[in-house]
Amino acid sequence: WSSTFFGPTKIEESLRAIAERFDAKIKKNVEKVTKKYKPQMQSVLDEYKPRLEGKTAMLFVGGLRPRHTVGAYEDLGIQITGTGYEFAHQDDYDRTSPEMAKGTLIYDDVSEFELEKFVEELKPDMVGSGIKEKYVFQKAGVPFRQMHSWD
């Protein structure tokens, strides 16, 4: 089991999985918390999902973030068509593959040139990556989410 707190669906799943390791009081409190915040989360989904449903995104970041953020994109109706890591181990890929839709391109330590070619080929509606890639895709007119810091 791997917890992630990106997106309403994964937040609820993770809180419930954590609560399973504790007593009934904690399980009950998790249900109270999820019930309390569900309307707030649903209002965000209601606002943005109609505009994002059916859109695609490609991700490329270091660490564990590609795998952990997929659920948040999916909650908004965005399909991940490509994802990968700059610094990963086999375990990262073993845990990433099951999170991805069939046919998702998974790349490893791609160069800037290779990533640009993948984006040209798959034509995502958005790219999420780091600062090195930010300006290349912004200049190309591809909406971009900087995922290493929140500038």
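The values are calculated or read from the model by the stated rules, or taken from the named source; none is laboratory data. Predicted, not measured: the structure shown is a model, and the values here were computed from it. Don't worry about glycine lacking a Cβ; one is built from the backbone with ideal geometry, like all the others, and counts go over all protein chains shown. Please note that ligands, DNA and RNA were not included when accessible areas were found on the heavy atoms of the full protein model with its side chains. Shrake-Rupley method; radii C 1.70, N 1.55, O 1.52, S 1.80 Å.
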Quiz item: Of all accessible surface on the stretch 96-151 at a 1.4 Å probe, what whole percent is carbon and sulfur?
Solution: 55 percent
Practice problem: With runs of 4+ DSSP H residues as the only contributors, calculate the mean residue ellipticity of the chain at 222 nm using -39,500 (n - 2.57) per run, divided by the residue total and rounded to the nearest 500. | Solution: -16500 deg cm²/dmol
Quiz item: Given +1 on the Cβ of Lys and Arg, -1 on the Cβ of Asp and Glu, and no further charges, what dipole in debye does the chain carry about its Cα centre, rounded to the nearest 20?
Solution: 900 debye
Quiz prompt | Amide H contacts under 5 Å for GLY130, placed H, 5+ residues apart | solution = MET147
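From largest to smallest, what semi-axes in whole angstrom does the stretch 8-49 give when each is the square root of 5 times an eigenvalue of its alpha carbon gyration tensor?
Working: eigenvalues 110, 22, 3 Å².
So the equivalent ellipsoid measures 23, 10, 4 Å along its semi-axes.
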Quiz prompt | Cleavage-rule hits (trypsin sites (Lys or Arg not before Pro)) in the stretch 58-125: DSSP loop, at most 14 neighbouring Cβ within 10 angstrom | solution = LYS102
Exercise. For TYR107, enumerate residues with amide H under 5 Å from its amide H, sequence gap 5+ or separate chain, H modeled in the peptide plane.
Key: THR83, GLY84, TYR85
Practice problem: State the answer as a single residue: which of ALA72, TYR135, PHE60 lies farthest towards the positive end of the charge dipole of the stretch 53-146, with beta carbon charges of +1 for Lys and Arg and -1 for Asp and Glu, about the Cα centre. | Solution: TYR135
Quiz prompt | Within straight-line cross-link reach of LYS25, lysines at Cα separation under 26 Å, skipping those fewer than 8 residues along the same chain | solution = LYS10, LYS35, LYS36, LYS38
Quiz item: Taking θ as phi - 60°, what are the ³J(HN,Hα) couplings along the stretch 11-23 by the Karplus curve (6.51, -1.76, 1.60), each to the nearest whole Hz, with x for Gly and Pro?
Solution: 4, 4, 4, 5, 4, 5, 5, 5, 4, 4, 8, 10, 8
Practice problem: Compute the signed sum of charges (Lys and Arg +1, Asp and Glu -1) over the other residues within less than 10 Å, Cβ to Cβ, of PRO143. | Solution: +1
Exercise. Pop out the Kirkwood hydrodynamic radius of the chain from its pairwise C-alpha distances, inverse of mean 1/r, in Å to one decimal.
Key: 16.6 Å
